[in-house]
Structures are given as C-alpha cells and as structure tokens.
C-alpha cells in the first residue's frame, strides 16, 4: 500500500481512492491523514478565516500598488520620458504631457501620427497604462516606440501626470 490508512472517525467523509489499493469495504471505513474535512467541524472555520484574511491582504496590497507615487513618477518621467516629452510647450519628438490625463489623444498642439489622431482614446489610468506598456499594440501606427515595462513605474508616471491635469482634480 502507498500510504498508511487510519480508521475513519464517525461523521467524516472518506478520502481514499482506488490507487491506495484498498477494497471498497476498506475505502468506506478508512481515510487518509492529510485530508481533513472542510465541511464544518472543529477547526474548519479557523482555516477558512485565515484564507479569507490572506485574500484580503492581497487585495489591499493590489489596491495600494495601483495608486502609484507621484514623486517617484516625476523621477521616472525625468529619467525616461523627458528625452522626447516636455510638460508644456513644444517637445522634442513627443507631445507635451501636462494635462494629458482626461484629454482626447491627438488633440494637443503637436504633429501626431494619423493613427493617434484617429484612435479616439481619452487618456485615463487604463488607457495610459496600456499605451505605456505597449504603444504599438494599443495604437498600431503610432510614432511612439518606447515602452515602460515595469508596472510600478507606469503607475507612478500615471500618478504624476494626474497631478498635472485639471481633469483629475
């Protein structure tokens, strides 16, 4: 036999399979030690409570992660975006980004690609995140050929851009 069998306790559900080599009669009266019942009884609610608590912590952490840090976003912008973009006025090869949050794509004073002008995108957290992650996938034909692969950096830059946009206030 592959695993030791223990006599079943009254009121528990057996957990043996044919692989254990036990006969049908033995399967009705034995259970494996590693499979406690999850249908109530002593200790079950404690285990389920811990699982629920763990899930709550993960969800809360996910919400905090999605917030982003505007101050870190400003640094990422300076390090990785300012080579092409300015906040106001004329940029080098990218449009000005102050006020981008809440604005329709391709409408600022800049020579946008035809694809960007026709995109119909209004910049919000989701559209900015998707565009920064993979510009060519979101807007095939866009002139932007740089992406931010780090999700936290994207969240931070988006948080920073929101501070510069009247639509987010």
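The values are calculated or read from the model by the stated rules, or taken from the named source; none is laboratory data. None of these values were measured; they are calculated from a predicted model. Cβ: placed from backbone, ideal geometry, glycine included. Neighbour counts: every protein chain shown.
Numbers below:
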quantity: Residues of the stretch 71-90 classified as in a loop (DSSP other than H, G, I, E, B) and over 16 Å from residue 131 (Cβ atoms), total; calculated: 7
quantity: Of all residues making up the stretch 117-159, the number that are in a loop (DSSP other than H, G, I, E, B) and either within 17 Å of residue 102 (Cα to Cα) or not assigned by TED's automatic domain parsing to the domain that holds residue 84 (or both); calculated: 5
quantity: In the stretch 76-86, the residues that are surrounded by fewer than 17 Cβ atoms within 10 Å (Cβ to Cβ) and without any contact (Cβ under 8 Å) to a residue 24 or more places away in the chain; calculated: 78, 79, 82, 83, 86
quantity: Test: residue in the stretch 50-70 that is modelled with pLDDT under 95, over 22 Å from the mean Cα position of the chain (by Cα), over 13 Å from residue 156 (Cα atoms) and not assigned by TED's automatic domain parsing to the domain that holds residue 162; calculated: yes
quantity: Search result, residues across the stretch 113-132 that are surrounded by fewer than 18 Cβ atoms within 10 Å (Cβ to Cβ) and more than 21 Å from residue 163 (Cβ to Cβ); calculated: 113, 114, 115, 117, 118, 120
